[in-house]
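Worksheet: one structure, shown below.
What follows is calculated from the coordinates using simple rules that are stated; it is not laboratory data. As the structure is a prediction and not an experimental result, all values here were calculated from the model. Glycine gets a Cβ as well: all are built from the backbone with ideal geometry, and neighbour counts include every protein chain shown.
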Amino acid sequence: MRRQVVAIALSVLAIGAAVAVGVLGVQLMQKRGEQDQRERAVQSARQMGVNLMTLDHATAKRDLDRIVAGSTGDLKNKLGTQSKALLDQLAKTGAKSTVSQVDAALVSMDGDSAEVMVSLNGIVTNAKVKDGAPRAYRYLMDLTRTGDRWLVSEMEMVP
């Protein structure tokens, strides 16, 4: 009788340990998934910042298409409708901008929405400023997860 009690107690402990290991494993996988999504959101915002600062009058259509492709919703529509005016402005001024430094950090995240701050330094040249003028920009970007991609749904320049 005593052996049966010990055997039952050990079985209960083994089952309890197996359940605990399973629960901890699931929690660890969820945390890894959340970390991966945070990193992907930040990388998407960083890339949008680079795209915004990597413009060349000679490749303007391709550059703007890349920016539009990284956006969604009202922002995508707005960029799409303003493309012609932006192309005309780039051609008129002969502008070119390049990035020298980019930093991005997650501000907040909730499910399929994230907010990321992106800081950029770059050089802008045009017909009047041939040697380039250094510029610093900061954007606060709202991102939305669409399928397996993070796309910028809203952005604003911040001081």
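Structural remarks
- Residue in the range 121-143 that is among the charged types (D, E, K, R) and within 17 Å of R46 (Cβ to Cβ) present: yes
- Candidate set from the range 44-55 (those that are without any contact (Cβ under 8 Å) to a residue 60 or more places away in the chain and assigned to a helix (DSSP H, G or I)); member that is surrounded by the fewest Cβ atoms within 10 Å (Cβ to Cβ): Q47
- Candidate set: the range 80-102, residues that are hydrophobic (A, V, I, L, M, F, W, C) and either exposed (fewer than 13 other Cβ atoms within 10 Å of the Cβ) or out of contact with any Leu (no Cβ under 9 Å at 6 or more places or on another chain) (or both); chosen: the one farthest from I67 (Cα to Cα): A91
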